[in-house]
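*Asks:* Got a structure for you, written out below as structure tokens; questions coming shortly.
The values are calculated or read from the model by the stated rules, or taken from the named source; none is laboratory data. Every value quoted in this text rests on a predicted model; they were computed, and no experiment measured them. Positions of Cβ are backbone-derived with ideal geometry, glycine not excepted, and every protein chain shown enters the neighbour counts. SASA here: full protein model, heavy atoms, side chains in, ligands and nucleic acids out. Shrake-Rupley method; radii C 1.70, N 1.55, O 1.52, S 1.80 Å.
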Amino acid sequence: MSGYRSPEAWIEAAWQELDAPDTGRRDGCLEVVGDMLETGRLSQDDAERAVERLVAVALSDESHALRESALHAICTATAPYELPYRVVEPLAAGVDRFEPLLLEYVLAVLGCTDDRAVLPVVGRFLRHHHPGVRREAADAVKELGRLRESPGEGAV
């Protein structure tokens, strides 16, 4: 046997390990999922399913570190994949439950959706008291604003 494991196999193994009680190990599992997403070697459907599961972890009552790892993995997926708003919409719906550091991740992800539906959510944070949140909100609005500059293009 060559020892080769497909990205899907790595992710499946990581999801199984995620059920372990050791938070440090669980955090490592999310890192594996993020690494596999970052390669861009998953199908769009498999990537979306992985991100949906990461969104569930980010919105859970898990530790801050685990939730941050999930959000970081989602952010890495935004480079090789176009994530539709429907996949990350639960983050927008639950945006008020995130503390500033995690909120920065959420705003970055929402800005990458290319969907104007996130503008009201993101725009609320342009005057946030935390400078990092304001910066991410402004970057997201700027990213989404490029849609307005492209005539004939609608939300993805």
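*Asks:* Inside region 60-78, can you point out the residues that are among the acidic types (Asp, Glu) and open to solvent by 60 Å² or more (accessible area, probe 1.4 Å)? Step through it out loud before you land on a result.
*Replies:* Initially, region 60-78 is screened for residues among the acidic types (Asp, Glu), giving 61-62, 68.
Those that are among the acidic types (Asp, Glu) and open to solvent by 60 Å² or more (accessible area, probe 1.4 Å): Asp61, Glu62.
*Asks:* Which one is surrounded by the most Cβ atoms within 10 Å (Cβ to Cβ) among residues in region 94-117 that are more than 22 Å from His64 (Cβ to Cβ) and among the small types (Gly, Ala, Ser)?
*Replies:* Filtering first and then ranking leaves Gly111.
*Asks:* Could we say that Ile11 is hydrophobic (A, V, I, L, M, F, W, C) and farther than 19 Å from Gly94 by Cα here?
*Replies:* Yes, satisfied.
*Asks:* How many residues are in a helix (DSSP H, G or I) and closer than 19 Å to Leu66 by Cα if we restrict to region 4-55?
*Replies:* Taking region 4-55 first, the residues in a helix (DSSP H, G or I) are 7-18, 23-39, 44-55.
The next check asks that each one be closer than 19 Å to Leu66 by Cα; those that pass are 10-18, 23-38, 49-55.
Within region 4-55, residues that are in a helix (DSSP H, G or I) and closer than 19 Å to Leu66 by Cα number 32.
*Asks:* Residue check, Tyr81 against (1) outside any helix (DSSP H, G or I); (2) open to solvent by 30 Å² or more (accessible area, probe 1.4 Å), all met but one. Which one?
*Replies:* Answer for Tyr81: the failing condition is (2).
*Asks:* Does Arg86 qualify as being surrounded by fewer than 19 Cβ atoms within 10 Å (Cβ to Cβ), basic (Lys, Arg), modelled with pLDDT of 95 or more and out of contact with any strand residue (DSSP E or B) (no Cβ under 7 Å at 6 or more places or on another chain)? Show your work before the answer.
*Replies:* On the way: surrounded by fewer than 19 Cβ atoms within 10 Å (Cβ to Cβ): yes; basic (Lys, Arg): yes; modelled with pLDDT of 95 or more: yes; out of contact with any strand residue (DSSP E or B) (no Cβ under 7 Å at 6 or more places or on another chain): yes.
When the stated conditions are applied, Arg86 passes them.
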